[in-house]
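Scroll down for the structure; my scribbles are underneath it.
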Amino acid sequence: MASDAINNNVIPKLKQFSMYHKALRIAMAVASVALVFESGLVDDSTARMSQQTHQYLANAVGMTTSVSPTELNQYTAALTAKEKALADREAALEERELSIGLSSGVSTPGNQQATYILASVLFILLALILLNYILDYMRLRRESVVQV
């Protein structure tokens, strides 16, 4: 008799989801899609595009200052220009290797870090959803026992 009262009172109340439940499910779905996109599980081009987006944002958000020119500054500027030219040549070479298939397209550490962060956020969201459902079930069960 008591189990019938519990089943009749608890089950209909669990089917009513609050805005919090909906927001958690939406956040988890968005984090899942972002994680799949960021990690490149479906296609490697998504991981490369994500990495390029990270680099673009890192370059777009910046700060500039000026220093009065000295001999040391001029040497440093020349060295920096040579390093930039070398980096550009290296990037062009890597692009050619990728186009002919010599390079395996190894993921960069920045992309791996973003994947780990997104996976952690997804795990936290999953834990919050499970905790919320468990606590709701315990509260509804306690209320139904008190009513009987």
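Here are the numbers for the structure shown:
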| quantity | calculated |
| --- | --- |
| Residue count for segment 26-51, restricted to those that are closer than 20 Å to Phe123 by Cα and either in contact with a strand residue (DSSP E or B) (Cβ under 7 Å, 6 or more places away or on another chain) or among the charged types (D, E, K, R) (or both) | 1 |
| Close pairs (8 angstrom Cβ cut-off, 6 or more residues apart or separate chains): at positive phi in segment 30-58, part of a helix (DSSP H, G or I) anywhere | Gly40/Thr46; Gly40/Ala47; Gly40/Arg48; Gly40/Ser50; Gly40/Asn111 |
| Selected residue (criterion: modelled with the highest pLDDT) from residues of segment 106-148 that are surrounded by 13 or more Cβ atoms within 10 Å (Cβ to Cβ) and in a loop (DSSP other than H, G, I, E, B) | Thr108 |
| Residue in segment 2-19 that is among the basic types (Lys, Arg) and modelled with pLDDT of 80 or more present | no |
| Within segment 41-66, tally of residues that are at pLDDT below 80 and of a type in the set (Gly, Ala, Ser) | 4 |
| All positions within segment 26-50 that are in contact with a helix residue (DSSP H, G or I) (Cβ under 7 Å, 6 or more places away or on another chain) and assigned to a helix (DSSP H, G or I) | Ala27, Met28, Ala31, Ser32, Ala34, Leu35, Phe37, Glu38, Ser39, Thr46, Ala47, Ser50 |
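The values are calculated or read from the model by the stated rules, or taken from the named source; none is laboratory data. Computed from a predicted structure; not experimentally measured. Glycine also receives a Cβ, built like all others from the backbone with ideal geometry; neighbour counts cover every protein chain displayed.
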